[in-house]
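Notes to accompany the following structure.
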Amino acid sequence: MESFDELLVKAEAAHGHMCPGQILGVRMALLGLERLGIDDPRGADRKRLITYIEIDRCATDAIGMVTGCRLGKRSLKFRDWGKMAATFVDLESGGGIRIVALEDSRELAEKRYAHLEGKKAQQMAAYRELADDQLFREQRVRVAPNPSELPGYRGQRFLCPRCGEGVNFGLFEEVNGDKLCLTCARPQLRYWTAE
Ligand SMILES: [Zn+2]
Ligand SMILES: [Zn+2]
């Protein structure tokens with residue numbers, strides 16, 4: 001596993017800029033991996049890990065980079081809850097660690113690093129230097145993903161009889177005996193309206 005600084009350089013390159021979120025995300029991911037005893041998440045251990053992320057912000061990119069978990073590999077699970085929190089799951093044991101950034105850390109950053117100019121500089125210094133327990137709350141959790149959610153799942157593809165669109169991974173609902181895609185079964189899920 002690369003050092004914190006090496007990972008931060010890679011995170012910055014992948015994300016497009018350096019920001020407090022890159023530092024926080026790299027710290028969160030490294031802590032999660034350490035707690036799970038996973039040393040090589042993008043190599044030998046790549047099939048062992050999935051990560052749930054509860055926010056789509058800068059730190060999300062850093063967490064994806066360090067863990068190697070990505071949406072396109074089905075190993076990054078996004079839950080849109082607006083929380084700076086992530087759960088790292090060891091698929092071999094089903095054990096996970098959920099890590100939440102503490103609210104206090106922002107105040108601590110402002111107090112401790114008042115000599116630095118601007119919130120961004122204060123946060124970057126704080127997220128780099130403060131101890132894990134000053135930045136994060138950790139919780140051991142168990143996660144049992146449905147097999148159909150996991151990388152490598154080969155479910156039968158079907159065509160929704162209502163919209164005619166193909167659907168993978170067994171994501172249908174039965175309505176009056178018809179197997180419908182989720183947005184035909186529950187139109188309120190749609191993020192679009194037809195023009
Ligand atoms: Zn950023
Ligand atoms: Zn449909």
Here the residues within segment 27-80 that are more than 19 Å from Gly16 (Cα to Cα), open to solvent by 50 Å² or more (accessible area, probe 1.4 Å) and of a type outside the set (A, V, I, L, M) are Glu34, Arg35, Asp39, Asp40, Arg42, Arg46, Lys47, Gly72, Lys73, Phe78, Arg79, Asp80
Pro145 passes all but one of the listed conditions (1) under 24 Å from the mean Cα position of the chain (by Cα); (2) part of a helix (DSSP H, G or I); (3) in contact (Cβ under 8 Å) with a residue 24 or more places away in the chain; the exception is number (2)
Expected output for segment 1-26 (first residue farther than 23 Å from Tyr52 by Cβ, partner near ligand 1 (Cβ under 8 Å from one of its atoms), Cβ below 9 Å, 6+ apart or cross-chain) is Glu12/Met18; Glu12/Cys19; Glu12/Gln22; Gly16/Asp61; His17/Cys58
(1) surrounded by 11 or more Cβ atoms within 10 Å (Cβ to Cβ); (2) more than 15 Å from ligand 2 (Cβ to nearest atom) all hold for Val167 apart from (2)
Note: among Gln134, Gln156, Gln123, just one is surrounded by 12 or more Cβ atoms within 10 Å (Cβ to Cβ) and either in contact with a strand residue (DSSP E or B) (Cβ under 8 Å, 6 or more places away or on another chain) or farther than 18 Å from Gly32 by Cα (or both), namely Gln123
Taking segment 173-186 and keeping only residues that are open to solvent by 70 Å² or more (accessible area, probe 1.4 Å) and within 29 Å of the chain's Cα centre (by Cα), one is left with Arg186
When (1) away from ligand 1 (no atom under 16 Å from the Cβ); (2) assigned to a helix (DSSP H, G or I) are applied to Gln156, the one that fails is (2)
*Report yes if Asp90 is more than 16 Å from ligand 1 (Cβ to nearest atom) and open to solvent by 90 Å² or more (accessible area, probe 1.4 Å), otherwise no.*
no
Among strands (runs of 3 or more DSSP E) entirely inside segment 46-131, those with 2 or more residues being touching a residue at least 40 places away in the same chain (Cβ under 8 Å) are 49-53, 85-90, 95-101
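The values are calculated or read from the model by the stated rules, or taken from the named source; none is laboratory data. Fair warning: this is a prediction, and the values are worked out from it, not measured in the lab. For neighbour counting, all protein chains shown are included, and Cβ atoms are generated from backbone atoms with ideal geometry for every residue, glycine included. We work out accessible area using only protein heavy atoms, side chains counted, and drop any ligands, DNA or RNA first. Shrake-Rupley method; radii C 1.70, N 1.55, O 1.52, S 1.80 Å.
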